[in-house]
Amino acid sequence: MADALGTAASRSQSKPLEDYGLIGNMVSAALVARDGSIDWLCAPRFDSPACFAALLGGPEHGRWLVAPVEPGRTTRRYIPDTAILETRFETEAGVVTLTDFMPLTHDEDKIEVVRIVSGVSGAVPMQMEFILRFNYGEAVPWVRRRDYGLSAISGPDAVELHSRVPLSGRNMTTHADFVVRAGEDVAFTLSYHRSHKMAHFVEDHAESLHQTSLWWREWSRRCTYRGAHHDAVMRSLITLKLLTYLPTGGIVAAPTTSIPEALGGSRNWDYRYGWIRDSTLTLYALLDCGYREEAAAWREWLLRAAAGHPQQLDVVYGISGERWLPEIEIPWLPGYENSRPVRIGNGAADQLQLDIYGELMDALHAAREAELSSLDESWQFQKALLEHVEAVWQTPDNGIWEVRGPPRAFTHSRMMCWVAFDRAIKSTERHGLDGPVEHWRTVRDAIRRDIVCNGFNLEKNSFVQHYGGDALDASLLLMPQVGFIKRDDPRLAGTVAAIERELLHDGFVLRYATEEVDDGVGGREGAFLACSFWLADAYAMLGRMDEANTLFDRLLGLRNDLGLLAEEYDPVARRLVGNFPQGFSHIGLVNTACNLAGAEGPADQRARRVAPRNGHARKAPAAARTRSGP
């Protein structure tokens, strides 16, 4: 068994994240490498155990390779305005394309992956290697031959592999060798189902491709962004849609777990869940580009997940609103680039992070301003929430970055408590809702005085990460966006200057200096891409448009050839790091593009506590236009 499965020491080096593309069906998603290998797939949901886990180990932990036998030149693209990935292999024998996609589904327990090899010229010898390993690369399934291909079962999980190509098995791996000639199509279909239920199949792969393409093109046509960066924004919106769990409307932060924030390090977290913190920025990104249905579904997920006693509001929830996300380690996976441990679940769910109260109140205020639908039924919950915030806002917490060091009085956390009361006051003023407004104003003003007195460092002429310290924090760049200080406040200019001085490294922004902050983890990390987008937003709010556009252009240059971004960027290794693709990075891209597009964008809308533009088209003036990609 050990010889057949291989060992961690025998695995090949991890592929750069830039090599991967994303396909999905809004229930789960897969990462497809440039070499034609699917190295990551969780079935049937984003947060289910992976059945292909080579991303966090080697081929022996599960992968599905379809590629030419002989190497050659490889190019790839998404079919425009879709999530359908097309890889073109050019060899001495000829040219083929590999089309990968996941058909849409109405059954969250059934997912399918379709791979079509099409001959363009010549006659190209091809290979297929299918290594199915359930439970994150640990469980070898029982495989049986079928007239359509094979059936594989392990415990609750079952997969059917359908193809007209003859299959053979050796060393617990399924192989196929075949030749594709010009004008020919050879298709493979993976169909997952619960093992106690009936198998299902894609009856016509060509029709499935047509219907999937048609659906995505129709969806993409709803985009109302007309700025200079349309292609980049559209790809980010498609990526956000792929990270949506359609049955509930929840959006996962990323489809992966444990991709390290520093290669070889231990900053490895599971991001296959939904964070309350992402709520407001997600709403603005969707609404400003015309996607009201998605924004409404996300808002409804938030309300269902957060429902209950305010003291029990969690930081992060499962995609159906699950609260219990125990963090455990998987010992048999060596990790991406040997970065241990590999974790599933997320211990941050048990932390106190006070900023989430402000994020939730801000999101619900933005939804009310945008008239998504009546939110009167949530107002009683919001008022109860404020009673709790009033009682706890002075409590040290773990902060926006979910530090595992000592709790502190984080400036950003206190600021978001201010936001919670501010948005409640604005909701009563603008929408006639009832509440003790004068009392809320008193609390809001008290929080503001506390932050101004304790969160501003006179020596640095800057707000700092936490009271009593002098470390900086990129989250302070959000102060003008949430309306806490005005854009002409000299303290904003001082804070931006300090962050440029201490956190702007190699052209990108760090969350904080890990060598100066006891975050309970240790080790370095890359530049957090969302923070760099926030700096571009701050530049725009300060009227420094040339610098804003230059930074935005630099960030666009970090995308891979398919337009995808990870959580962070390592300027030393010159590689994307962190979970991939990262929703927060793509949300930042969309919002910053809108902020630079020549009309009031999300930053100004949020600062003024007014409605998102509900998809009003914007076109950047000539002076604001920059190129749309690397």
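Worth a mention:
- Here the alpha carbons of the chain define both size measures, Rg and Dmax, at 24.7, 78 Å.
- Whichever lysines have a C-alpha closer than 23 Å to that of residue 426, once near sequence neighbours (fewer than 8 apart) are set aside: 383, 486
- Once the Cα atoms are used to define both axes, helix 490-502 deviates from the longest principal axis of the chain by about 40 degrees.
- Mean separation of Cα contacts under 8 Å, 6 or more apart, over the residue count of region 2-217: relative contact order %: 18 percent
- Calculated [θ] (222 nm, deg cm²/dmol) that DSSP helices of n ≥ 4 give over the chain, each run adding -39,500 (n - 2.57): -9500 deg cm²/dmol
- Tilt relative to the chain, helix 230-242 - C-alpha long axis, 0 to 90 degrees, to 10: 80 degrees
- Charge dipole (the chain, unit charges on Cβ, about Cα centre) - positive-most of 93, 14, 297: 93
- Point-to-point label distance, residue 181-residue 197, nm (Cα→Cβ direction, 7 Å offset): 4.1 nm
- Degrees, to the nearest 10: 583-595 long Cα axis against longest axis of the chain: 60 degrees
- In nm, spacing of pseudo-spin labels at residue 456 and residue 513 (7 Å Cα→C-beta vector): 2.3 nm
- Qualifying lysines (Cα of each under 27 Å from Cα of residue 241; at least 8 residues distant if same chain): 15, 110, 619
- When the square roots of the Cα gyration tensor eigenvalues are ordered a ≥ b ≥ c, the ratio a/c for region 154-216 is 1.5 or more and a/b does not exceed b/c, which makes its shape oblate.
- Here r is the Cβ-Cβ distance between residue 542 and residue 391 and R0 is 45 Å; the resulting FRET efficiency, rounded to 0.05, is 0.80.
- A simple packing score, the average count of other Cβ atoms within 10 Å per residue, orders the peptides 122-132, 93-103 as 93-103, 122-132, with the highest score first.
- Burial ordering of 197, 383, fewest other beta-carbon atoms within 10 Å first: 197, 383
Where a number appears in this text, it was derived from the coordinates with a stated rule and is not lab data. Everything quoted here is computed from the prediction, not taken from an experiment. All Cβ positions, even for glycine, are placed from backbone atoms using ideal geometry, and neighbour counts span all protein chains on display.
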